[in-house]
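Read the structure below first, then the notes.
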Amino acid sequence: MTRRVLVTGANRGFGAALTAAFARQGAQVFAAARKGHTTLDAILERYPSLVTGIELDVTDLASVEAARDAVAERAPALDVLVNNAAMRSPTVSEPIESIDFADVARTFDVNAIGPLRVAQAFLPMLRAGDSPVFVNVSSEAGSIGQCWRDREFDYCMSKAALNMATAIFANLLRGKVHVFSMHPGWMRTDMGGPRASLDPEEVAEGVATKLLAVPVPIAAPFVDHEGHPLPW
Ligand code: NDP
């Protein structure tokens, strides 16, 4: 049966690459993005029968709920939910003396609370899915066990908080929905920059293959893009 997938932050970067990879592999994809499409436009044109653009801002509950309603009009259930949308603030690399607390709050709103809004709205559809899978796209930057940075508080703290949400959802949904966090690796996107080691399209192809498999071949609660475990 065709897997039904929702990807947030599908506008550009890894979310767009993942949307295209899912469609290439035959999934029905709801590509959730804020207004002002960039890379996503070409993907929508290329896969008109498989990819549907859905407007969704993860910081706005009304927008998330409207997106849920728009998806529900087209599919009775979801099989894979990928919370991918995230940001790094312009002041993320500032030292402690000059961090900007408005940026810290905004980063938490997008990276940690946003996925919670999306989960609240879409969980009933995911529970109704076939072998459902719920992935939070996190980062090694959110690993407390591997922490090496002396700054980037907002981004790292927001991803650690997202990992806690993953752990709680895993408890809540044990035996019903397969829940995990995934670090996609350092990729050449707007966020990762041009010097990053990985091509987002290559990463997305492999990740999409794993996420569309039934069962998903991932055993640990927090993994890298190849499925290797990471410490919380
Ligand atoms: P980009 O900055 O390239 O893209 C971010 C995406 O998130 C965009 O589509 C953006 O939409 C969307 N987004 C931001 N804010 C919101 C919002 N309020 N509502 C809806 N969508 C929003 O990031 P990447 O593609 O590189 O990152 C994808 C994921 O991978 C993120 O979770 C990131 O933290 C994680 N990651 C990335 C790494 C890397 O090296 N690139 C490393 C580790 C983790 P818009 O175009 O509208 O701004």
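List the lysines whose Cα sits under 18 Å from the Cα of Lys176, skipping any in the same chain fewer than 8 residues away.
none
List the trypsin sites (Lys or Arg not before Pro) in segment 107-167 that DSSP assigns to loop (not H, G, I, E or B) and whose Cβ has at most 16 other Cβ atoms within 10 Å. Which are they?
Qualifying residues, ordered by number: Arg149, Arg151.
By average Cβ neighbour count within 10 Å, what is the ranking of 38-51, 78-91 from highest down?
Taking the mean over residues of other Cβ atoms within 10 Å, the ranking is 78-91, 38-51.
What is the dipole size for segment 119-205, taken about its Cα centre, with +1 at each Lys and Arg Cβ and -1 at each Asp and Glu Cβ, in debye to the nearest 20?
400 debye
Mind sorting Trp148, Trp186 by how few other Cβ atoms lie within 10 Å of their own Cβ, fewest first?
With the sparsest Cβ surroundings first, the list reads Trp148, Trp186.
Per DSSP H run of n ≥ 4, the term is -39500 (n - 2.57); total these for the chain, divide by its residue number, and report the mean residue ellipticity at 222 nm rounded to 500 deg cm²/dmol.
Helix-only estimate at 222 nm: -11500 deg cm²/dmol.
Could you tell me what fraction of 2.2 N^0.38 Å the Cα radius of gyration of the chain comes to, as a two-decimal ratio?
0.94
Under a point-charge model restricted to the Cβ atoms of Lys and Arg (+1) and Asp and Glu (-1), what is the dipole moment magnitude of segment 104-160 relative to its Cα centre, in debye to the nearest 20?
Its charge dipole is roughly 120 debye.
Please sort 3-9, 133-139, 65-71, 165-171 by packing, taking for each peptide the average over its residues of neighbouring beta carbons within 10 angstrom, highest first.
Highest to lowest by the protection proxy: 3-9, 133-139, 65-71, 165-171.
Please name which of Ile43, Ala77, Gly192 has its Cα lying farthest along the dipole of the chain towards the positive end, using unit charges on Cβ (Lys, Arg +1; Asp, Glu -1) and the Cα centre as origin.
Ala77
Taking other Cβ within 10 Å of each residue's Cβ, how do Glu55, Glu97 sort, fewest first?
Ordered by Cβ neighbours within 10 Å, fewest first: Glu97, Glu55.
Going by the alpha-carbon gyration tensor, a ≥ b ≥ c the square roots of its eigenvalues, is segment 100-232 rounded (a/c under 1.5) or, if a/c is not under 1.5, prolate (a/b greater than b/c) versus oblate?
oblate
Expected output is a single nm value to one decimal: the length gained when fully extending between Leu61 and Glu97, i.e. 0.36 nm times separation in residues minus the C-alpha distance. What is it?
Once the chain is fully extended between Leu61 and Glu97, it gains 9.6 nm.
Can you put Phe180, Phe30 in order of Cβ neighbours within 10 angstrom, beginning with the fewest?
Ascending number of Cβ neighbours within 10 Å: Phe180, Phe30.
Determine the distance separating the Cα centre of segment 59-96 from the Cα centre of segment 162-228; give it in Å without decimals.
Segment 59-96 and segment 162-228 have Cα centres spaced 16 Å from each other.
Every number in this text was worked out from the coordinates using simple rules, so none of it is lab data. Fair warning: this is a prediction, and the values are worked out from it, not measured in the lab. Please note: Cβ atoms are built from the backbone with ideal geometry, for glycine as well, and neighbour counts cover all protein chains shown.
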